[in-house]
Number of protein chains: 2
Amino acid sequence: MLGKKPTGPSVHQVPEGDDKPRLTCPDCGYVAYENPRVVVGAICSWEDRFLLCKRAIEPRRGFWTPPAGFLEMNETTEEGAIREVWEEARAEVELDGLLALYSIPVIGQVHLVYRARMTAPRFEPGPESLEVGLFSWNDIPWNDLAFPNVRWSLEHWQAMKDKPLCQIQGVPEDWRHRLGKE
Amino acid sequence: MLGKKPTGPSVHQVPEGDDKPRLTCPDCGYVAYENPRVVVGAICSWEDRFLLCKRAIEPRRGFWTPPAGFLEMNETTEEGAIREVWEEARAEVELDGLLALYSIPVIGQVHLVYRARMTAPRFEPGPESLEVGLFSWNDIPWNDLAFPNVRWSLEHWQAMKDKPLCQIQGVPEDWRHRLGKE
């Protein structure tokens, strides 16, 4: 091993005390545990129109999606969804409830999609968007959507239109300040 | 760097094209992206009793918790919850809906807690449990619970007792076989 450039985690082997193979660095033994990642996003509306972003990055550059992205450390799922709307579309929203939960094992992702109301019809492309727009239902670029779940979440929005979303139980109010950013 | 034992990801620096510091290996440049992890679990009941496990592992060895653990790649959140119940308590359950979603940013976790019915009053400790039991509400070891969210989820179970849980939208039926295990 001496004289070889270190390679990083690149060998699948079962670590001691574990029962599944994990990606391990052959040089230093570091184990890169792979866990599913959480994607947070929101279907944001203003009157009867929906906020969509044309992706400036791969995968699916040039195709349309509501604002969404990977949840970061040190934020709640709600904070993450609001952050993504700002980062990708420079829009401000209030979340109204959880619209959908999609497990997508084949790519190791769990998507949490919120329903959100824009607080003003203001938006512009963030660095990861080529273009941002408000589309009425019939004007949505249905043939140029980035991923299958974009259609699902828009259709789930329609299915729940004017209905209250279930308010799922969360961290009790009196605990929230103790579990947030330090 | 030559002659030094490789150290694995140990330096916080902002990778090219990113805007946040990430844990990077000073030897090979590998970036260990840290994202919040998903914990899946279930409040499982048989008649009016609840399934709890006495933890055989740290943290909080010797304290009680419902079956729960990290979601693995290649499983849905529902499959993960059912797997954890089997691994920790050797019990079989049917899930009945999503009871709670707890974001716990301070430890980078998102907990999804399902409500589940045991299909038989059969259980025994799996390798990560010292003991497993079915407890009536008043017999729950309230002073020896492992984590604050154990109490929250039991109380949320009581709050929703005999009520239908909201059926959150998921992956459409005709897509599920295309997104699961390959």
| Between 0 and 90°, nearest 10: helix B:148-159 axis offset from chain B longest Cα axis | 40 degrees
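Under unit Cβ charges (Lys, Arg +1; Asp, Glu -1), what dipole magnitude, rounded to 20 debye, does chain A have relative to its Cα centre? It would help to have the intermediate numbers written out before the result.
Values: 21 positive and 28 negative charges, 85 e Å.
My answer is approximately 400 debye.
Assign one of three labels to the range B:1-69, namely rounded, prolate or oblate, based on the Cα gyration tensor with a ≥ b ≥ c the square roots of its eigenvalues; rounded applies when a/c is under 1.5, prolate when it is not and a/b is larger than b/c, and oblate otherwise. Present the calculation step by step, with values, prior to reporting the outcome.
Working: a/c = 5.60, a/b = 2.51, b/c = 2.23.
Prolate, because a/c is 1.5 or more and a/b exceeds b/c.
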| CD proxy at 222 nm, helix term only [per DSSP H run n ≥ 4: -39500 (n - 2.57); per residue of chain B; nearest 500] | -5500 deg cm²/dmol
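Once you have a ≥ b ≥ c as the square roots of the Cα gyration tensor eigenvalues for the protein assembly as shown, tell me rounded if a/c is under 1.5, and otherwise prolate or oblate according to whether a/b is larger than b/c. List each step's numbers first, then the result.
On the way: a/c = 1.88, a/b = 1.10, b/c = 1.72.
Cα axes put the protein assembly as shown in the oblate bin.
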| task | Sort A:VAL31, B:VAL39, A:VAL40, A:VAL14 so the one with the fewest other Cβ atoms within 10 Å of its own Cβ comes first. | result | A:VAL14, A:VAL31, B:VAL39, A:VAL40
| field | Spacing of the two label points (7 Å from each Cα toward its C-beta) at A:ASN143 and B:LYS161, in nm | value | 5.8 nm
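Under 8 Å for C-alpha pairs, at least 6 residues apart: give me the relative contact order for the range A:37-159, rounded to a whole percent.
Numbers: 276 pairs, mean separation 42.2, N = 123.
Relative contact order for the range A:37-159 comes out at 34 percent.
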| field | In the protein assembly as shown, lysine pairs closer than 14 Å at Cα, eight or more apart or cross-chain | value | 4
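For chain B, just say rounded, prolate or oblate: build the C-alpha gyration tensor, square-root its eigenvalues into a ≥ b ≥ c, call rounded for a/c under 1.5, and beyond that prolate if a/b exceeds b/c, oblate if not.
On the way: a/c = 2.25, a/b = 1.67, b/c = 1.35.
Prolate, because a/c is 1.5 or more and a/b exceeds b/c.
I'd like the trypsin sites (Lys or Arg not before Pro) in the range B:5-105 restricted to DSSP loop residues with at most 12 other Cβ atoms within 10 Å, sorted by number.
Details: sites: B:ARG22, B:ARG37, B:ARG49, B:LYS54, B:ARG55, B:ARG60, B:ARG61, B:ARG83, B:ARG90; in loops: B:ARG60, B:ARG61, B:ARG90.
Loop-located and lightly packed - B:ARG61.
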| Angle in degrees between helix B:77-89 and the longest Cα principal axis of chain B, rounded to the nearest 10 | 70 degrees
| Nitroxide proxy distance, nm - points 7 Å out along Cα→Cβ at B:ASP19 and A:ASN35 | 2.6 nm
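Since every read-out is calculated from the coordinates, none of them should be taken as a lab result. Bear in mind that the values here come from a model prediction, so they are computed numbers and not experimental data. Cβ coordinates were reconstructed from backbone atoms using ideal geometry, including for glycine residues, and neighbour counts include every protein chain displayed.
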